[in-house]
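The next block holds one structure in the form of structure tokens; read it before the comments.
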Amino acid sequence: MKRRLLFLLLLFPFFVKSQTINDAILFGQDQKIGNARFTSMSGSFGALGGNSSSARINAASIGVYRTGAANASIGISSQGFDAIHYGNKTTDLITSGRLTNFTLLFSNPLYDNNWVKFNVMFSYNRRNNFDSQSNIQGINNESSKLDRYLYDILEEPVYIEDLYDLYPFGAGMAWGSELIDTANGNYYHNLESYGHEQRLKTRTYGGVGDYFAGIGANYNDRLYMGATVGIAALNYSLESTYSETPEATNTNTQITDWQETTKLEISGRGFSLNLGMIYWLREKMRIGLSYNSGTKYRITESYKKEMIANWKDRGQTFANSPEGFNEYEYKSPYNITVSYAMVDKYIGSINLDAEWVTYGRMKFDRAAGFPVDFSEVNKELDNNINPSINLRLGGELLLGSFLFRAGGALYGNPIKGKEYFNRYSVSGGVGYRIKRATFDFAYSYLTSSNYSTNIHYAEGIRLEPSTVSSFNHQFIFTAGFKFKKLD
């Protein structure tokens, strides 16, 4: 049981907790980031194509291009959380800038009666953004995280000399920093008189970017087909500080405050495959069908913790954990997308995507030389995760050289028994065409519905869950250029 909880904590510690499945889907849920045109229509492009970011949804998008193209996109993201802990509401966010898409596409005519074009694309697309900041705090009059560490010791008889070896990232550190001590042969901790401010300050960095190459073909201006192979680069860094500060009127403890700092670095590489087709049913009507294999990652992680206690009547005490290191494999969901679009080259277009995501496929596997048993984690995922459906709707209106766009999306909740659609996005943007150059701007807003989570692992002690919701403001600018076949 402790091993399972430890690895949930170490693998996906978005709020440094291990008792929910929310963290286990952190690397499996895509935010559909890309270039400005794609983003302004909420990623609804499955039957439209002709867009470098949409090739991540339907590879047949590559076959729709009529000319060669090059474009680059820069995004600014403000991402954060609203939280309520013991009645206290906090909001925190952070702003960062990133390259979200870069693409080169070469289009070659085919001198055949039916095959019209053969296109080749090389692209980078940012799939997920982990840059965020959260702050959860409130006055707890019923428990302390030290209760949890003390519970670990008392659950099974533990000798003092074995504490650090058995609990190097928890109770052992509390003992080393003298927050847990003994009296008359019994263990106790130094904050058993409650009424203190709990606070968890978390900062995360990183994201997932896809480097992929793809091909696409146009058959008789009616059927478009495509395929991509990609390498996903995953990077995730976490710095969190959990602290407890007794109220000034609390004379039953000598602690002025104590804090626990966690640092985690995760990096991984994975391979993915995307296949797709787009077909013209009628002059202004298209359908699309695509398959994305998901990504099988090989992941490495390193982590460490530090605990510090400040006292009224003596100097600071502290303890450090050992340097932790682990390698494992993680398999993200595959998805199938069905799309429908109406297109008029003089008016604009509208597209609807329905994406089925197999979250139940998510699995962890041990890596050679790291014999950790993930069977309990995988069983918990099997028992608590469902496939889900994502719906995206987007449209584009042409007015001379200007294009006005808007979109919205509903994202299915993979957790069984919860609100079915738990994330929502709205977006909009404008584009401008001048000869062979294009300039596009997009704004999108993504938010989650409220959900409950604990500020720390709390089995066996009383702790009121916190209410949390996330939000993200995304601004993206894209500049592009179209060119004919290069001789």
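The values are calculated or read from the model by the stated rules, or taken from the named source; none is laboratory data. Remember, predicted model here, so these are calculated numbers, not experimental data. All Cβ positions, glycine included, derive from the backbone under ideal geometry; neighbour counts span all protein chains shown. Heads up: the accessible areas ignore ligands, DNA and RNA and are worked out on the full protein's heavy atoms, side chains in. Shrake-Rupley method; radii C 1.70, N 1.55, O 1.52, S 1.80 Å.
Evaluation of K89 against the conditions (1) free of Cβ contacts under 8 Å to residues at least 60 places away in the same chain; (2) farther than 30 Å from G195 by Cβ; (3) part of a strand (DSSP E or B); (4) not hydrophobic (A, V, I, L, M, F, W, C) shows that the sole unmet condition is (2). If you go through region 41-72 and keep only what is part of a helix (DSSP H, G or I) and of a type outside the set (D, E, K, R), you end up with S53, S54, A55, S61, I62, G63, V64. Among the conditions (1) within 18 Å of the chain's Cα centre (by Cα); (2) closer than 30 Å to N58 by Cβ; (3) open to solvent by less than 50 Å² (accessible area, probe 1.4 Å), the only one that N235 does not satisfy is (3). E142 meets the conditions (1) in contact with a strand residue (DSSP E or B) (Cβ under 8 Å, 6 or more places away or on another chain); (2) closer than 26 Å to T241 by Cα; (3) open to solvent by 20 Å² or more (accessible area, probe 1.4 Å) in every case but one. The failed one is (1).
Among the residues of region 353-376, what is the count of those that are hydroxyl-bearing (S, T, Y) and either closer than 29 Å to A341 by Cβ or at pLDDT 90 or above (or both)?
The total comes to 2.
Taking the criterion of being of a type in the set (S, T, N, Q), touching a strand residue (DSSP E or B) at 6+ places or on another chain (Cβ under 8 Å) and over 22 Å from N413 (Cα atoms), the only residue of region 355-401 that qualifies is S401. The single residue among I278, I287 that is surrounded by fewer than 16 Cβ atoms within 10 Å (Cβ to Cβ) and in contact (Cβ under 8 Å) with a residue 60 or more places away in the chain turns out to be I287. Scanning region 145-168 for residues that are without any contact (Cβ under 8 Å) to a residue 24 or more places away in the chain, surrounded by fewer than 20 Cβ atoms within 10 Å (Cβ to Cβ) and under 18 Å from N190 (Cα atoms) gives a single hit, I160.
Applying the selection to region 174-223, what residues are closer than 30 Å to R314 by Cβ, out of contact with any strand residue (DSSP E or B) (no Cβ under 6 Å at 6 or more places or on another chain) and of a type in the set (S, T, N, Q)? Hits for region 174-223 are T182, N184, N186, S193.
Where strands (runs of 3 or more DSSP E) fall wholly inside region 316-430, the ranges with 2 or more residues that are open to solvent by 30 Å² or more (accessible area, probe 1.4 Å) and either of a type in the set (S, T, N, Q) or touching a Ser or Thr at 6+ places or on another chain (Cβ under 6 Å) (or both) are 317-320, 324-331.
Criterion applied to S107, S61 was being modelled with pLDDT of 95 or more and either touching a Ser or Thr at 6+ places or on another chain (Cβ under 9 Å) or open to solvent by less than 20 Å² (accessible area, probe 1.4 Å) (or both), and the one residue passing it is S61. Restricting region 110-151 to residues that are within 30 Å of N35 (Cα to Cα) and aliphatic (A, V, I, L, M), the residue that is modelled with the lowest pLDDT is L110.
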